[in-house]
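Heads up, the thing below is written out as C-alpha cells.
The values are calculated or read from the model by the stated rules, or taken from the named source; none is laboratory data. Not measured: the values here are computed from a predicted model. All Cβ positions, even for glycine, are placed from backbone atoms using ideal geometry, and neighbour counts span all protein chains on display.
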Amino acid sequence: MTEVLTSNLAHQLPEREGWLRVMLERDTSRWQLRYGNLIVGSQPATWPAASWRYESVAFLAMTVAATSIAEWFDAENDTHIKLGEFDVDVPRVQSRVQVRRRASFELHDRERSPTPSYEYVISREGGAAAGVSTAGRLDFLVGPDSPSFTDLDSAFRAFFLGVYDLPANASVPSEVMHLRVVDDRSWLGQIHITATRMTVDVQGTDFAGTSLEYFSPVRRERVGVDAPGVITFDLPDGLAASNTWLWLTAGTSWRDYRALTSPWASEEQLRSAGVEREETSREEQAAVEAVVYGGEGPFVEFKASLPAIGARKTDRAFNTIAAFANGAGGTVVFGVDRDELTVLGLPDGVELNKERDRVGQLIRTRILPTPDFLITSHVIGGNTVFFVNVAPGGVPPYGVITDLDHRDKPQFYVRRGASTYPAQPSDLNELFQRVAAAQTTDGWRP
C-alpha cells in the first residue's frame, strides 16, 4: 500500500468517465456526502438501474469524469458540489489518499472485481471516528419508485453491492470515497482444473515481459505469455492440496494472481472467482481421453458442434443416439472433428449447464420413447467437450422425429460398425424379438 497527496489525486486518475454511486444523508436542511464509489474502466456488474430517493437518504447513480471527482476533496476546507437536483456538502478529508493494488476476485475485496485494479481510498478528517456508525440503525426507508428497506445497511448493500439477501455483514464504510481504476493490461480469466491438467484463460492487451507461474509446495512451473489465450499446465500428480497459486507477472511486479486452494480460498469462493474443478480421478480422466483418442467405432461417434438452436430438422446426432439405444449402447462426443480427430471443444462463452439442459431436452422430445442417457462435460487438451452416454434400451425400437412437421412418422436407426444406418424391416423384427425374449425371461407371456 502506498499514499499520494490528496492535492495530487487528479494527476493519478485517467481522463475517462467512470460509474459513480453515492449515498447522501440529509442533516436538517442540508445534504451531506456520506459515501461514494467510482469505478473507471468497466461498468460494474451490480450497476443499479436507477437512483433511489427517500425522506432523508438518497442513493444516486451517474457517470462522471474521473478527474472531476478529485476536485471535490480538500484537506483544509469543506467543499460544496451539485449532483443533479442536490446541493451537497462534502466533508473535509485527510491530506493523503491510500492507494492499493487489488487482484481480480480478491478474497477480501467487497467488489470482487473480475479484473485487477488500483483502488484509491479517501478518508474523512479524523478517520473512522469521524464517521457515523450505521450498525443496528433501523431506519425504515420507503420512497416512490424505490425499493423499501428496514435499515440503512441493507439499502447500502443492495445499491452498492447488488446484495439483497439477509443476513449480511457489510455496513456503510467509514471512508468517504473509494475510487477504483481498472488495470486491464493483462489478467487471469476462467480457470478449469481436472485430475491431470489445468487450463488458464489469460486476457488483456499488454503482455510485454509477461509470464504465468504455477506455484505449489511440490511443483513450480513458469511459461511465457505473449498474447491472450489459454495456457495449459499438466498436473501428473493432480493439484496440490494446499498453498497453491497462479501468478501472472511482468518483471518484478505482479499483474494478477489467484489462490487455488485452502487456506486462502473456499470452494464457494473459487467458483465465484471463475475457477471450475472437475471432481474426477486420474483414472476417470484417462478413461475419458481413451474414448476420444481411440477414434470412432461401434460404440463411439464424434460431432464437431452442438445441435443448432431452433432447428425444425433434427440433427443427425440424434439418429446415432437412437441407434445406440436400439443396440448395445454407446457415446456421442460433441466437440471433436471426426475427420481430423481434432478436439475442437465447444464454442467460447458457452454456458455448459444451459447447453447440457438444452441437449437433454432435445433428446426427450426428438427420440421416442426416451432412452436412458447421461450428459457430462470434460476438458481434453484445454477444450471442453460433451459426452452423451446412452444405455442399451429396454423397450426398443427407439424412433427419431426427424422433422417437427411430421411428428407422427418417426424414423428408426441401427449401428453397424462405425456408421449409423436406417433400420431395415429385418432390423426392426430383430428388435421386437429381443423385447419379446426379455418379457418371456421376466416371466410374462402374452
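Things to note:
- Residues that are free of Cβ contacts under 8 Å to residues at least 40 places away in the same chain, under 18 Å from Gln285 (Cβ atoms) and not charged (D, E, K, R), drawn from the range 222-259: Phe233, Ala240, Ala241
- Test: residue in the range 298-311 that is touching a Phe, Trp or Tyr at 6+ places or on another chain (Cβ under 6 Å), surrounded by 13 or more Cβ atoms within 10 Å (Cβ to Cβ), free of Cβ contacts under 8 Å to residues at least 60 places away in the same chain and in the same structural domain as Leu431 (by TED's automatic domain parsing): yes
- Test: residue in the range 103-114 that is of a type outside the set (S, T, N, Q) and not in a loop (DSSP other than H, G, I, E, B): no
- The set of residues from the range 289-334 being more than 16 Å from Gln411 (Cβ to Cβ) and of a type in the set (Ser, Thr, Tyr) comprises Tyr293, Ser305, Thr331.
- From Asp74, Asp89, residue being modelled with pLDDT under 90, assigned by TED's automatic domain parsing to the domain that holds Glu125 and among the acidic types (Asp, Glu): Asp74
- Residue in the range 45-64 that is under 30 Å from Leu246 (Cα atoms) and touching a residue at least 40 places away in the same chain (Cβ under 8 Å) present: yes
- Residue selected from the range 262-273 under the condition crowded, with 17+ Cβ neighbours inside 10 Å and in contact (Cβ under 8 Å) with a residue 40 or more places away in the chain, by the criterion farthest from Pro116 (Cα to Cα): Ala265
- Residues that are modelled with pLDDT of 90 or more and either of a type outside the set (Ser, Thr, Tyr) or surrounded by 15 or more Cβ atoms within 10 Å (Cβ to Cβ) (or both) within the range 130-150 comprise Leu141, Val142, Gly143, Ser146, Pro147, Phe149, listed in sequence order.
- Residue tally, condition of a type in the set (A, V, I, L, M) and either at pLDDT below 90 or part of a helix (DSSP H, G or I) (or both), over the range 280-307: 6
- Screening Lys409 on (1) in a helix (DSSP H, G or I); (2) farther than 25 Å from Pro298 by Cβ; (3) modelled with pLDDT under 90; (4) of a type outside the set (Asp, Glu) shows it passes everything except condition (1).
- Some residue of the range 241-249 being surrounded by 19 or more Cβ atoms within 10 Å (Cβ to Cβ), assigned by TED's automatic domain parsing to the domain that holds Ile363 and among the aliphatic types (A, V, I, L, M): no
- Residue in the range 354-364 that is surrounded by fewer than 15 Cβ atoms within 10 Å (Cβ to Cβ) and within 18 Å of the chain's Cα centre (by Cα) present: yes
- Ala273 vs. criteria in contact with a Phe, Trp or Tyr (Cβ under 6 Å, 6 or more places away or on another chain), among the small types (Gly, Ala, Ser) and at negative phi: yes
- Residue in the range 397-406 that is surrounded by 15 or more Cβ atoms within 10 Å (Cβ to Cβ) and under 27 Å from Glu283 (Cα atoms) present: no
- Of the residues Arg312, Arg271, the single one that is over 16 Å from Ile193 (Cα atoms) and at pLDDT below 95 is Arg312.
- Here is the figure for the range 335-378: residues that are more than 15 Å from Ile401 (Cα to Cα), polar (S, T, N, Q) and part of a helix (DSSP H, G or I) total 1.
- Verdict on Val350 being within 25 Å of Ile309 (Cβ to Cβ), at pLDDT 90 or above and in the same structural domain as Lys303 (by TED's automatic domain parsing): no
- Residue tally, condition over 18 Å from Asn429 (Cα atoms), in contact (Cβ under 8 Å) with a residue 40 or more places away in the chain and out of contact with any helix residue (DSSP H, G or I) (no Cβ under 7 Å at 6 or more places or on another chain), over the range 388-414: 6
- Selection within the range 86-128 - crowded, with 19+ Cβ neighbours inside 10 Å, among the charged types (D, E, K, R) and out of contact with any Pro (no Cβ under 6 Å at 6 or more places or on another chain): Arg102, Glu106, Glu111, Glu119
- Conditions (1) more than 19 Å from Arg21 (Cα to Cα); (2) outside any loop (DSSP other than H, G, I, E, B): number failed by Thr67: (1)
- Test for Leu341: is it at positive phi, among the aliphatic types (A, V, I, L, M) and either in contact with a strand residue (DSSP E or B) (Cβ under 6 Å, 6 or more places away or on another chain) or in contact (Cβ under 8 Å) with a residue 40 or more places away in the chain (or both): yes
- Any chance Glu17 is in contact (Cβ under 8 Å) with a residue 24 or more places away in the chain, among the acidic types (Asp, Glu) and within 30 Å of Arg258 (Cα to Cα): yes
- Residue count for the range 282-297 under the criterion of being surrounded by fewer than 19 Cβ atoms within 10 Å (Cβ to Cβ) and of a type in the set (A, V, I, L, M): the result is 3.
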